[in-house]
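I have placed the structure first, in the form of structure tokens, so that the comments after it can refer back to it.
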Amino acid sequence: MLVLAVLVSISTAPGSQAPKAAPITLREAVKIEGLPLLIATNHLGLGAETRRLVAWALVHRGPLTLRPADLALEDAGANSLKVSPLMARTLARLSQWHGLAATSDHPITHEQLEAATLLPASVDRIRRIFEMAIGRGVRIGATWVIPETGGEATIDRELRLVEALDPRWSTIQDLVKVSDDPKAIAALCESRALEVAQVDGHGLLKVAVARLRLGAVGSSEEVRRALLTVTQNAAPTFSLGPEEQLTLITAADWEGRYVGGWHTHAPHDGGDGWVGGDVPSFEDMQNAVQYGQYLTLAFQPDGFDLYDAEPLAEAKRVDLALLKVIRYRSRSWRQHFEKLHSRAEPRGGGGIHPP
């Protein structure tokens, strides 16, 4: 999982010094939730250092204060533990994340969400999300198939959508690159069995590859059909597990108020242009009921629809009629994505061609 964080440099006048990072009082949730996850996943290779930190914290009274400038963690009695630069940054971002005001404490109104979403900077951010998703697409015959994507949303003046790429789609991309060669598909499936199993939930590729290895009649076409089905099934799904969420959290600085998780309903290739994404699915609405909010960002040929599912959480039930929607439409959006569609049109060769 790779998440890109934007690094902002602060220039200083000659002879001046950059401002020292202020001390951070670590939130209790960092100790309760963040540190155990760092150990369990060995995230960024910090597992061993985290174990030492936890052992130290158990015998030192809190609250714990991170002093980034000194690369030290300090207890209530001013006893300190040196930490690595990577650990200091990770602890700071975990504390930022857990400090985002929960919607139950500081509710975000639909009107606030709409105003933030329709700001030019937010619209541009959403446009780039769909652009990048189109760029990660794969060709099936004459059709360009685009994966869903998603992540976490916060709001200050703008709506800020931090994206976490679903690692399963990179497996699909690699499989499609060798889609004209069933033996190469089989070799990739065997060399990356765990990764392929994540996209081949029904075992279609596994069975087809086994039949190919046995020399079964028609097995080459069976492998290609299985890959076609697996690709079509993988595109409209997005998964963000605990490890992927941890990667996202520690790859960015956080501020504002927490909105919730978000995901896209990607454009569909209609042959002569893009077709809009669907309304939230039953599963999307179930997520909103369970987690309190789950934004669905649906592409439209001339804009987008952002579905606010927070009312479902309040009602504790799945009900499409309760959804609120924020719509954006513009001629420039349509013209921009029409150009992207023309670039994605088939120019011979490549991709999966249905048998």
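Put simply, of GLY151, GLY135, GLY141 the only residue that is among the small types (Gly, Ala, Ser) and surrounded by 14 or more Cβ atoms within 10 Å (Cβ to Cβ) is GLY151. Checked against the criterion of being open to solvent by less than 20 Å² (accessible area, probe 1.4 Å), in contact with a strand residue (DSSP E or B) (Cβ under 7 Å, 6 or more places away or on another chain) and closer than 30 Å to ALA88 by Cα, the candidates ALA298, ALA252, ALA266 yield just one match: ALA252. Inside the range 61-82, residues that are surrounded by 12 or more Cβ atoms within 10 Å (Cβ to Cβ) and either hydroxyl-bearing (Ser, Thr, Tyr) or part of a loop (DSSP other than H, G, I, E, B) (or both) make up a count of 8.
If you go through the range 99-115, how many residues are open to solvent by 60 Å² or more (accessible area, probe 1.4 Å), closer than 16 Å to LEU159 by Cβ and of a type in the set (Gly, Ala, Ser)? The qualifying residues number 1.
None of GLU152, GLU148, GLU158 is over 18 Å from the mean Cα position of the chain (by Cα) and either at pLDDT below 95 or not hydroxyl-bearing (Ser, Thr, Tyr) (or both) except GLU158. All conditions but one from (1) within 24 Å of GLY260 (Cβ to Cβ); (2) touching a residue at least 12 places away in the same chain (Cβ under 8 Å) apply to TRP144; the one that does not is (1). Selection within the range 22-60: residues that are under 24 Å from the mean Cα position of the chain (by Cα) and β-branched (Val, Ile, Thr). The member of this set that is least open to solvent (accessible area, probe 1.4 Å) is VAL30. For beta carbons closer than 8 Å, sequence separation of 6+ or different chains, a first residue in the range 48-60 that is within 15 Å of ILE32 (Cα to Cα) and a second that is of a type in the set (D, E, K, R) and part of a loop (DSSP other than H, G, I, E, B), the qualifying pairs are ALA57/ASP75. In a residue-by-residue description of the range 116-131, the property of being in a loop (DSSP other than H, G, I, E, B), in contact (Cβ under 8 Å) with a residue 24 or more places away in the chain and surrounded by 17 or more Cβ atoms within 10 Å (Cβ to Cβ) applies to no position. Of everything in the range 331-342 that is without any contact (Cβ under 8 Å) to a residue 60 or more places away in the chain and either farther than 21 Å from VAL145 by Cβ or of a type outside the set (S, T, N, Q) (or both), the residue that is most open to solvent (accessible area, probe 1.4 Å) is ARG331. Scanning the range 135-155 for residues that are among the hydrophobic types (A, V, I, L, M, F, W, C), farther than 14 Å from VAL275 by Cα and part of a loop (DSSP other than H, G, I, E, B) turns up just one, ALA142. Please verify whether ARG157 is in contact with a Ser or Thr (Cβ under 8 Å, 6 or more places away or on another chain), open to solvent by 10 Å² or more (accessible area, probe 1.4 Å), farther than 21 Å from LYS339 by Cα and not acidic (Asp, Glu), treating the condition exactly as stated. Taking the combined requirement at face value, the residue does not satisfy it. Is there a residue in the range 218-229 that is in contact (Cβ under 8 Å) with a residue 12 or more places away in the chain and outside any helix (DSSP H, G or I)? The answer is no; no qualifying residue exists.
The values are calculated or read from the model by the stated rules, or taken from the named source; none is laboratory data. The shown structure was predicted, so the numbers you read here are calculated from the model rather than taken from an experiment. Neighbour counts are summed over all protein chains in view; Cβ atoms, including those assigned to glycine, are modelled from backbone coordinates with ideal geometry. Note: accessible area is taken over every heavy atom of the protein model, side chains too, but ligands, DNA and RNA are not part of it. Shrake-Rupley method; radii C 1.70, N 1.55, O 1.52, S 1.80 Å.
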